[in-house]
Amino acid sequence: MTRLHNPTRRLLVKTLGVSALAAGGAFAASDVPPARPNIIHIMADDHAFQAISAYGHPVSRLAPTPNIDRIAREGMVFRRAFVENSLCSPSRACLFTGLYSHQNGQRTLAGGLDNTKPFFTEALQRAGYYTGVIGKWHLPCEPKGFDYYCLLEGQGQYYNPGFKTKESNGAFVQENGYVTTLTGDHSIEFLKNRDKTRPFCLFVHHKAPHRNWMPKEKYLDLYENVEFLLPDNFFDDYKNRCEPARTQKMSVAADMTLVQDLKMDNEKGFSDAGNNGNIKAWNRQLSRLTPAQRTAWLEAYGPRNARFAAEKPEGRKLAEWKYQRYMRDYLRCIKSIDDQVGRLLDYLEKEGLRENTIIVYTSDQGFYLGEHGWFDKRFMYEESFRTPLIIAWPGRIVPGVVCDELVQNIDFAPTYLEAARAEPPAGLPGRSLSPLFAGGKPVDWREYLYYHYYEYPGAHYVCKHDGVRDKRYKYIHFYGKSRDSENLNCGELYDLEKDPAEMTNLTGRPEYAEVRKRMLRALADFREKLNIDEY
Ligand code: SGN
Ligand code: CA
C-alpha cells in the first residue's frame with residue numbers, strides 16, 4: 001500500500017474529504033439528484049486477503065491480481081473488514097438478510113434459514129432496480145428479490161458445471177467450460193440483456209477458489225516454478241491456546257488429502273490410507289472432464305506426480321510439498337477470477353457504465369494459506385474472520401485510500417439500500433458504509449465487532465465460539481462440545497498490534513487484566529443486546 005503513503009494522495013483525500021464527497025452521501029439541495037447508481041457485488045468463495053495484491057501481502061507479490069487492483073486503485077481498500085460467521089451459507093445469509101446468523105437462522109452450512117426474513121434485494125426491486133445473481137448460491141431457499149438468476153448447484157463444479165435459470169424450471173443444465181469463465185460469460189450476458197430503463201444490481205458469485213482448487217487448463221503450469229514462503233507459524237504447536245486450535249481437522253500436513261485435494265493419481269497407490277471418500281470424489285471430478293480437458297490435466301500433473309512418487313517425501317518435507325501444491329492450485333484459480341474481473345471492468349468501461357456503478361470485490365470469508373498450519377476457515381483468528389473488501393464508486397469514494405474502521409458483512413444491505421435510496425427492512429443491525437467513503441473516521445463509528453461460529457461437530461471440527469474484536473484486541477470464547485470435553489469454556493485474548501499472528505493467548509497476564517475486563521464487558525453487551533441464545 002506504499003501508494004497510499006504518497007503525500008499528494010493524502011492531500012487529495014483531505015481536499016475532497018468533506019466537500020465533494022459529503023459524508024453520509026447527502027448532495028447539496030440545489031443539485032439535481034444524480035441517477036441512482038448501478039451496483040455490482042463480485043464475491044469469490046474463500047478468497048484470502050493475502051492473495052490480493054492491493055493488500056500487499058508477500059503471497060500476492062508472487063501471484064498478483066492486477067484487475068482486482070484496478071478496483072482498489074479507483075476505490076477504497078477496507079483493511080478491517082470481517083464476517084460474522086466465517087462459513088459460506090451463513091455468510092451469504094448475512095449478506096442478503098442484513099442480519100446476524102442467530103437472527104436469520106442460518107447458523108451452519110446445513111440450513112436453518114428463516115424464510116420469513118426478507119432479502120434486501122426485494123426492497124431493491126420494489127425501488128425499481130433490475131436485479132440478478134450469477135454463480136454460487138448455496139442457500140436453502142430459492143432466490144428472493146431477483147429478476148434474473150443463473151445458479152450453480154450447491155458448491156458447484158469447476159469443470160462443465162450445471163446452471164439453473166428461471167427458464168430451466170429447476171433443472172441444472174450442464175454447460176461446457178470452466179466455471180469462472182462461464183460465470184463471467186453469464187455476467188456479461190446479464191448486462192447486455194438487462195432492462196436498460198432501470199438501474200441494476202448484479203451479484204457475481206464465483207465458485208472459485210473453493211476447495212479442491214481446480215485451475216483452468218490454461219493455468220495448470222502457472223507458478224509451477226514459484227516457491228511460496230511458508231508462514232512463520234506453519235508449524236504452530238498451539239501451546240497456551242484453548243483446545244480447539246489443537247484438535248481441529250484442517251491441517252495442511254495432516255488433513256489435506258493427496259488425491260482429492262492435491263491431485264495425486266490414486267492408480268499409483270496414493271490412497272490417503274483410510275480415506276476412500278476423497279478418492280471417489282476425485283474420480284467423480286475426473287469423470288466430468290472432456291477428453292481434451294483430461295489430456296491437459298494428465299500432461300500437466302503426470303510428470304509432477306511421477307517425481308513426487310520417486311521422491312516420496314515424508315514428515316516436514318511432505319508437509320512443505322503439500323503446501324506448495326496447495327498454494328499453486330489455489331492461486332491459479334484466483335488468476336482466472338482476476339481475468340474475469342478485468343473482463344467485466346473492460347465491458348463496463350466500453351459501455352460507459354463505470355462512472356455510475358458501485359463495484360465491490362469481496363469474499364464470503366477469508367481463508368488460511370498455511371497460517372497455523374491450516375487451510376479452510378471457521379475460526380475467529382484473523383485470516384478467516386477477515387475478508388477482503390474493496391469498493392469503487394467514482395465521484396463518491398476517494399480513489400486509492402484505505403479504510404481501517406471496523407466493518408462487517410451485515411453492512412452490505414444498509415449500504416446498497418441507501419445508495420439505491422430504497423427503504424430498508426426494519427431492525428437491520430448493520431450500518432451503511434457511506435460515512436466512511438470520504439476517508440477518515442466518523443465520530444460515532446462502531447468500536448467493536450461481534451463474531452459467532454456454530455458448526456460443531458462438522459467438517460474440520462472447529463468448536464463453537466463467539467467473540468469480540470476492537471481495533472487492537474480480540475477476545476474469543478470457545479464453548480460446547482469438543483474432542484476432549486463435554487462443555488468447553490475457554491477464553492483467548494490477543495493483542496493484534498504486538499502479535500498479529502495470534503500466537504500468544506494473554507488471558508492470564510496481569511498486565512492485560514484491564515483489557516480483558518473491557519473486552520468481556522463488550523462481549524456481554526453484545527450477547528445481551530442481540531439476545532444471543534447460546535454461548
Ligand atoms: C466442503 C469442503 C470443506 C469446507 C466446506 C464449507 N470439503 O465441505 O473443506 O469447509 O465445504 O465450505 S470438500 O472436500 O467437499 O471440498 S463453504 O465455502 O461452503 O463454507
Ligand atoms: Ca466460502
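The values are calculated or read from the model by the stated rules, or taken from the named source; none is laboratory data. Note that the structure is predicted; figures quoted are calculated from it, not measured. Reconstructed Cβ throughout: ideal geometry from the backbone, glycine too, with neighbour counts over all protein chains shown.
Does Phe412 satisfy the criteria of being assigned to a helix (DSSP H, G or I), within 16 Å of ligand 2 (Cβ to nearest atom) and either closer than 30 Å to Leu109 by Cα or among the charged types (D, E, K, R) (or both)? Give the derivation first.
Values: assigned to a helix (DSSP H, G or I): yes; within 16 Å of ligand 2 (Cβ to nearest atom): yes; either closer than 30 Å to Leu109 by Cα or among the charged types (D, E, K, R) (or both): yes.
Considered against the rule, which asks whether it is assigned to a helix (DSSP H, G or I), within 16 Å of ligand 2 (Cβ to nearest atom) and either closer than 30 Å to Leu109 by Cα or among the charged types (D, E, K, R) (or both), Phe412 comes out as yes.
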Check your understanding: Do the conditions hold for Glu502, that is, is it touching a residue at least 12 places away in the same chain (Cβ under 8 Å), crowded, with 18+ Cβ neighbours inside 10 Å and in contact with a His (Cβ under 9 Å, 6 or more places away or on another chain)?
Key -> yes
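Does Gly98 satisfy the condition of being at positive phi and within 14 Å of ligand 1 (Cβ to nearest atom)?
Values: at positive phi: yes; within 14 Å of ligand 1 (Cβ to nearest atom): no.
The answer is no for Gly98.
So, in segment 376-400, exactly how many residues are closer than 19 Å to His206 by Cβ, within 14 Å of ligand 1 (Cβ to nearest atom) and buried (at least 24 other Cβ atoms within 10 Å of the Cβ)?
3
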Revision key, fill the gap. From the option list Leu109, Leu99, Leu139, single residue qualifying as more than 16 Å from ligand 2 (Cβ to nearest atom), assigned to a loop (DSSP other than H, G, I, E, B) and within 25 Å of Cys463 (Cβ to Cβ) is Leu99
Review point. Of the residues Ser432, Ser336, which is in a helix (DSSP H, G or I) and out of contact with any strand residue (DSSP E or B) (no Cβ under 6 Å at 6 or more places or on another chain)?
Key: Ser336
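Take the residues in segment 204-252 that are in a strand (DSSP E or B) and within 16 Å of ligand 1 (Cβ to nearest atom); name whichever of them is farthest from the chain's Cα centre (by Cα). Please lay out each step first, then the result.
Step one: list which residues in segment 204-252 are in a strand (DSSP E or B), which gives 204-205, 251.
Applying the additional criterion that residues be within 16 Å of ligand 1 (Cβ to nearest atom) yields 205, 251.
Values: His205: 10, Ser251: 20 Å.
Among them, the one singled out is Ser251.
Can you pull out every residue in segment 369-397 that is at positive phi and more than 13 Å from ligand 2 (Cβ to nearest atom)? Give the derivation first.
Going through segment 369-397, the residues at positive phi turn out to be 370, 372-373, 376, 378, 395.
Gly370, His372, Gly373, Gly395, listed by residue number.
Could you identify the single residue in Leu191, Leu124 that is surrounded by 23 or more Cβ atoms within 10 Å (Cβ to Cβ), assigned to a helix (DSSP H, G or I) and over 19 Å from the mean Cα position of the chain (by Cα)? It would help to see each step written out before you state the result.
On the way: Leu191 fails: surrounded by 23 or more Cβ atoms within 10 Å (Cβ to Cβ).
None of the other options fit; the residue is Leu124.
Here is a check on your reading of the model: is Leu151 in a strand (DSSP E or B), within 16 Å of ligand 1 (Cβ to nearest atom) and either modelled with pLDDT of 95 or more or surrounded by 18 or more Cβ atoms within 10 Å (Cβ to Cβ) (or both)?
Taking the combined requirement at face value, the residue satisfies it.
Before we move on, is Leu369 aliphatic (A, V, I, L, M), in the same structural domain as Arg70 (by TED's automatic domain parsing) and either within 16 Å of ligand 1 (Cβ to nearest atom) or within 30 Å of Asp265 (Cβ to Cβ) (or both)? Reasoning before the result, please.
Numbers: aliphatic (A, V, I, L, M): yes; in the same structural domain as Arg70 (by TED's automatic domain parsing): yes; either within 16 Å of ligand 1 (Cβ to nearest atom) or within 30 Å of Asp265 (Cβ to Cβ) (or both): yes.
Answer is yes for this residue.
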Review point. Within segment 347-355, is even one residue surrounded by 21 or more Cβ atoms within 10 Å (Cβ to Cβ) and more than 16 Å from ligand 2 (Cβ to nearest atom)?
Key: no
Check your understanding: Which residues, taken from segment 401-439, are at positive phi and surrounded by fewer than 18 Cβ atoms within 10 Å (Cβ to Cβ)?
Key -> Arg421, Gly427
Practice item. Could you grab me the full set of residues in segment 496-522 that are over 21 Å from Trp374 (Cα atoms) and in contact with a Phe, Trp or Tyr (Cβ under 6 Å, 6 or more places away or on another chain)? Key: Leu506, Val515, Met519, Ala522
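Tell me which residues, restricted to segment 382-430, are basic (Lys, Arg) and closer than 19 Å to Leu345 by Cβ.
Our first condition is that a residue be basic (Lys, Arg); within segment 382-430, this holds for 386, 396, 421.
Residue satisfying the conditions is Arg396 alone.
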